[in-house]
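A short write-up of the structure that comes next.
No value in this document is a laboratory result; all are computed from the given coordinates. As the structure is a prediction and not an experimental result, all values here were calculated from the model. Ideal geometry is used to build each Cβ from the backbone, glycine not excepted, and the neighbour counts take in all protein chains shown.
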Amino acid sequence: MSENPAIVFEGVSRHFGEVKAVDNVSMEVRDGEFFSMLGPSGSGKTTCLRLVAGFEQLTAGRILLYGQDVSALPPYERPVNTVFQDYALFPHMTVGENIAYGLMIKRIAASERRQRVEEMLDLVRLPGLAERKPSQLSGGQRQRIALARALVNHPKVLLLDEPLGALDLKLRQQMQIELKSIHQRVGVTFIFVTHDQEEALTMSDRIAVFNSGKIEQIGTPAELYEHPGSVFVAGFVGVSNFVDDTVAHAIMGDATSDEPVTFTIRPEKIQILDPGSPVGDGMYSADGHISEVIYLGINTRYIVSLDLGGELTVVEQNLNSTSMSALAARGKPVRLVWKREHNRTIKLDH
Amino acid sequence: MQKTEIPMRPTATQSSLWRSVSNYLYYRPRLVLVLLLGPPLLFMLVVYVGSLGSLLVNSFFYLDGFTGKIVRHFTLQTYAELFVPSNLDIFKRTIAMAIAVTVADALIAFPLAHYMAKYASPRRKSLIYLAVLIPLWSSYLVRVYAWRLILAKEGILTWFIGKVGLLGALEWILSLPGIGGTSLGLSPIGMFIAFTYVWLPFMIIPIQTALERVPRSLEEASADLGAKPFQTFRNVILPLSFPGVVAGSIFTFSLTLGDFVVPLSLGNSKLFIGMAVLSHQGTSGNIPLAAAFTMGPVVIMIIYLLIARRTGAFDAL
Amino acid sequence: MPSRATSPGRKAPLPLTVTAVAALLFLNIPVLIIFLYAFTTDESTYTFPPPGLTTRWVSVAFGRSDMLEALWLSLGVALLATLVALVLGTLAAAAVYRTEFFGREAISFLLLLPLALPGIATGIALRSTIATLNIPFSYWTIVLGHATFCVVVVYNNVVARFRRTSGSIIEASMDLGADSWQTFRYVVLPSIATALLAGGMLAFALSFDEIIVTTFTAGQQETLPIWIFSQLARPRQRPVTNVVAMLVFLLTLIPIYFAQKLTTQAADTEGQQNA
């Protein structure tokens with residue numbers, strides 16, 4: 001347990017009648033970190049965020065904010081602010097009035113409000129837009145104004161509900177970098193909800209992976225990627241290969257065993273060699289032939305049908321090859337090798 | 001930029017009484033619902049539904065012809081009176097008129113609504129909208145009476161018909177039983193024209209709204225699949241905008257069923273439901289009969305509404 | 001959500017344009033004829049063409065104290081009925097929009113009846129109840145009758161607007177520190193303001209022009225429509241009625257124009273917002 005964590009969930013549940021949107025979740029968010037909640041739709045991540053904000057009421061458990069129990073406080077009494085998925089800018093107010101809204105409610109003097117609004121607009125790199133109306137802004141601009149509106153109140157925790165979902169790819173990638181940079185400058189704890197695992201891996205200090213109302217695993221991006229604790233995490237975070245039972249046993253060298261087992265190996269950890277190549281110490285190998293080639297510019301994805309049965313996906317950086325040579329590989333017999341330490345045997349989910 | 005420490009609770013510069021009430025209500029949505037819904041519901045239930053209820057009750061009483069007093073015992077006698085041929089005629093007459101007016105209004109309104117929804121530029125549409133709404137907001141009574149003016153023997157329409165030499169045709173129409181009368185201004189056909197006129201905007205607006213909601217992409221898809229414009233209209237646009245027609249018809253039907261102004265201004269002395277109600281509750285004080293008469297249109301409209309709900313007309317309102 | 005199904009300048013087929021124009025003419029020419037007859041010198045018949053034109057009926061109309069009293073009463077009734085309708089209608093709209101509750105469908109249906117059921121039903125129902133309770137017919141009973149359908153009109157307008165506002169701005173307001181009252185004042189009210197205005201003006205116009213229910217709920221009082229109705233049977237000074245009609249027309253024209261502008265303006269900004 002870290003001293004003075006920003007948010008603590010103690011056995012939090014949120015039920016809607018029969019449906020357990022959040023089921024006995026306990027977790028900690030550390031002071032100042034960029035914490036992501038990742039999972040598919042309906043996994044409970046957004047509900048957890050809304051529980052912190054105060055828009056949903058707990059069915060069970062407690063939520064602590066820097067040690068104080070906020071479970072019963074309405075949202076306007078909590079020193080947290082939210083960036084909404086649809087930005088929720090007030091259409092009848094100017095950009096400046098939007099940003100200053102929280103300050104206006106707290107009766108902060110107009111001169112100070114103006115100054116802080118300007119500071120915020122500089123922070124999100126949209127100086128001089130204070131007099132515009134939200135309808136005159138682009139999606140990316142609105143997103144930044146929503147961020148400014150939340151941050152100007154110096155919240156203890158900033159909640160972001162899939163804020164980049166509506167942006168196109170390039171803009172999204174740009175915003176990811178900017179958000180990270182703002183986080184570092186401002187130093188506030190960020191809690192970020194997303195279903196995009198690449199986004200979570202890019203930006204987060206730590207990630208909580210949600211599934212059906214529960215947390216499957218919490219860890220740093222590297223931990224989750226390299227040491228997934230379950231099939232779900234391995235499959236959800238990054239692309240993964242799963243090899244079961246007989247084939248698995250054959251590869252691992254104990255073909256006599258009957259036990260059900262699954263291991264996972266990341267596609268980029270596998271090397272493609274010619275058939276018959278020597279297999280080094282500490283490596284696993286499997287023979288097969290290339291059944292599918294997908295050229296992706298940066299890298300090429302090969303789908304290899306194993307002689308033992310099943311398939312493995314291999315991703316290779318296009319260091320030397322061109323699309324033509326890659327595509328010509330279709331049908332070629334190959335030997336796949338990878339280091340044993342990259343192999344992860346995982347517990348099966350029941 | 002440093003993190004500024006802000007206190008956990010906002011300093012109470014705003015009224016803490018309002019805050020406390022807000023906090024109390026925030027997690028009690030049911031209480032809020034009661035507070036919000038209470039006053040209007042109370043008003044409507046007591047004033048409106050209550051009165052309708054007492055009207056229904058009244059229709060089961062009857063007026064003693066000798067004493068002139070209302071006898072407050074449950075009886076179906078008053079309803080039985082409705083089935084007297086002369087009263088049945090009143091119902092038939094009114095319902096026939098309501099149907100005719102509804103059909104006429106639908107036919108006239110649809111092209112205009114179609115034009116507004118699909119072909120008019122936004123500016124033109126606003127102008128047309130105004131041109132539709134403005135007659136609505138001039139006095140209803142006077143608009144009815146305008147037709148008395150127009151249809152009068154010495155009025156503009158007869159003058160015009162005379163000018164184009166169709167007086168003979170007019171005489172012939174007026175001689176037809178059931179539609180004609182002594183003059184245009186005092187005949188069922190005159191009433192028909194007036195009814196159609198006054199309720200027309202009520203038909204135009206829902207149809208226009210419903211047509212607007214038919215996405216252009218559906219029409220394009222239909223054309224893409226080989227349908228000619230008329231087929232697209234018949235198979236795509238018409239069915240999808242039908243709820244709008246039904247919504248409009250609720251008004252034209254209901255308003256015609258209960259009206260007494262048009263029959264009084266432009267009718268021959270044949271009674272319509274509205275006039276019957278007015279006269280029975282007036283001088284003779286026969287509230288039970290007036291109530292029974294009123295229950296007719298009420299029941300008809302409630303059934304109509306329930307059917308209309310199924311067609312989705314309510315979304316077009 | 002209404003789609004941008006119109007394209008400016010798209011040509012309509014000729015028969016459609018002709019029937020559309022004919023309908024518009026049908027709607028508006030009688031109104032013009034009313035105005036024409038306000039100036040005729042012939043005071044007792046409807047001869048066309050009018051024998052002469054004069055403006056003296058205007059001063060006659062304003063000299064009629066019974067007309068002015070009726071005008072005053074109509075304004076008073078419409079104002080109070082609209083006020084009541086604004087409050088009750090908004091409360092009901094908020095309740096129906098916010099929460100799913102048992103009987104919600106029934107309430108929506110109930111709030112449709114005053115407009116959908118014939119006016120005589122409302123009229124005679126109220127009359128017999130008021131008479132049974134021995135309450136005298138007065139200004140207040142007239143207002144009561146008008147309030148029933150005015151509430152419906154406001155309710156419809158406000159509910160439609162609520163449905164078009166995004167719910168997240170209310171959460172955003174609370175998130176930023178505003179409690180329920182502040183949120184209502186700074187966020188909710190501005191967003192439904194135009195609907196309130198439009199609904200209010202609609203209610204006002206309906207009340208001002210109403211005759212059927214009023215006939216049953218008024219005692220000796222004459223609202224303007226009742227006055228007009230009583231005049232129509234008189235053979236003298238007929239053009240005066242037409243002058244009053246013109247007055248009513250002008251009085252209701254201005255608010256309707258603005259109500260229309262407000263609702264289309266609001267719809268446009270929303271369209272941009274969602275674009």
Leading residue at positive end of dipole, the protein assembly as shown (Cβ point charges), from A:Ile265, B:Ser54, C:Leu24:
C:Leu24
Per-residue HN-Hα couplings for segment B:188-205, Karplus 6.51 cos²θ - 1.76 cosθ + 1.60 at θ = phi - 60°, whole Hz, x for Gly and Pro?
x, 5, x, 4, 4, 4, 5, 4, 4, 5, 5, 8, 3, x, 5, 8, 4, 5
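Hey, got the dipole for segment C:64-274? About the Cα centre, +1 on K and R Cβ, -1 on D and E Cβ, debye to the nearest 20?
On the way: 12 positive and 12 negative charges, 105 e Å.
That gives segment C:64-274 a dipole magnitude of about 500 debye.
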What are the ³J(HN,Hα) values, in whole Hz, obtained from phi via the Karplus relation 6.51 cos²θ - 1.76 cosθ + 1.60 with θ = phi - 60°, for each residue of segment A:92-107 in sequence order, with x given for Gly and Pro?
8, 10, 6, 4, x, 5, 4, 4, 7, 3, x, 5, 4, 4, 7, 6
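Compute the FRET efficiency between A:Gln173 and B:Val299 as 1/(1 + (r/R0)^6), taking r as their Cβ-Cβ distance and R0 = 45 Å, and round to the nearest 0.05.
On the way: r = 66 Å, r/R0 = 1.46.
Efficiency, rounded to the nearest 0.05: 0.10.
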Compute the angle between helix B:238-258 and the longest alpha-carbon principal axis of chain B, please, reported from 0 to 90 degrees and rounded to the nearest 10.
60
Report the Cα-based extents of chain A along its three principal axes, largest first, to the nearest Å.
78, 47, 36
How far is it, in nm, from the label point at C:Leu14 to the one at B:Ala80 when both lie 7 Å from their Cα along the line to the Cβ?
6.6
Using Cα pairs closer than 8 Å and at least 6 residues apart in sequence, work out the relative contact order for segment B:144-219, in percent.
26
Lys/Arg Cβ at +1, Asp/Glu Cβ at -1, dipole of segment B:211-317 taken about the Cα centre: which of B:Gly258, B:Ala276, B:Ala221 is farthest positive-ward?
B:Ala276
Cα radius of gyration and Dmax for segment A:203-350 (Å):
16.3, 48
Rounding to the nearest 10 and keeping the result within 0 to 90°, find how far the Cα-based axis of helix B:50-59 lies from the longest principal axis of chain B.
30
Treating each Cα of segment B:265-317 as an identical point scatterer and ignoring solvent, apply the Debye formula and state log10 I(q)/I(0) at q = 0.19, 0.23, 0.28 Å⁻¹.
-0.72, -0.82, -0.99
What FRET efficiency comes out for the pair B:Ile161/A:Gln136, r = Cβ-Cβ distance, R0 = 51 Å, nearest 0.05?
0.30
Take the alpha-carbon positions of segment B:108-216, form their convex hull, and give its projected area averaged over all directions (one quarter of the hull surface) in nm².
8.5
How much of the DSSP beta bridge set in the protein assembly as shown is antiparallel, as a percent to the nearest 5?
75
Measuring from its Cα centre, the protein assembly as shown shows a charge dipole (+1 at each Lys and Arg Cβ, -1 at each Asp and Glu Cβ) which, in debye to the nearest 20, is 3280
Counting only other chains, and only Cβ atoms inside 10 Å, what mean value do you get across the residues of B:115-126?
5
Within segment A:213-252, DSSP-loop chymotrypsin sites (Phe, Trp or Tyr not before Pro) with at most 11 other C-beta atoms within 10 Å are none
Just how many pairs of Lys in chain B have C-alpha atoms closer than 28 Å, counting pairs that are eight or more places apart or on different chains?
6
Where labels lie 7 Å past Cα in the beta-carbon direction, separation of B:Leu56 and A:Arg62 in nm
5.5
Neighbouring Cβ atoms within 10 Å as the yardstick, rank A:Lys133, A:Lys214 fewest first.
A:Lys214, A:Lys133
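Most exposed first by the Cβ proxy, i.e. fewest other Cβ within 10 Å, how do A:Phe192, B:Phe61 rank? Please report the intermediate quantities before stating the final value.
Details: A:Phe192 27, B:Phe61 20.
Lowest count first: B:Phe61, A:Phe192.
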Given pairs A:Lys106/A:Lys156; A:Lys20/A:Lys156; A:Lys156/A:Lys214; A:Lys133/A:Lys180; A:Lys269/A:Lys332 and cut-off 18 Å on Cα-Cα distance, the over-length ones are A:Lys20/A:Lys156; A:Lys156/A:Lys214; A:Lys133/A:Lys180; A:Lys269/A:Lys332
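At 1.567 mPa s and 4 °C, plugging the Kirkwood radius over alpha-carbon pairs of chain C into Stokes-Einstein gives what diffusion coefficient in µm²/s? Write down the numbers at each step before the final one.
Values: Rh = 21.8 Å.
Answer from the Stokes-Einstein relation: 59 µm²/s.
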What full-extension length gain, to one decimal in nm, is calculated for A:Ser325 and A:Val19 as 0.36 nm per residue of separation minus the Cα-Cα distance?
104.9 nm
Which ³J(HN,Hα) values in Hz, rounded to whole numbers, follow from the phi angles of segment B:64-76 under the Karplus curve 6.51 cos²θ - 1.76 cosθ + 1.60, where θ = phi - 60° and Gly and Pro get x?
6, x, 7, 7, x, 9, 8, 8, 8, 10, 5, 7, 9
Quick one: grab the alpha carbon gyration tensor of segment B:85-316, order the square roots of its eigenvalues as a ≥ b ≥ c, and give me rounded if a/c is under 1.5, else prolate or oblate depending on whether a/b is larger than b/c.
oblate
Output ordering of C:17-28, B:286-297 (per-residue mean of other Cβ within 10 Å, highest first) is B:286-297, C:17-28
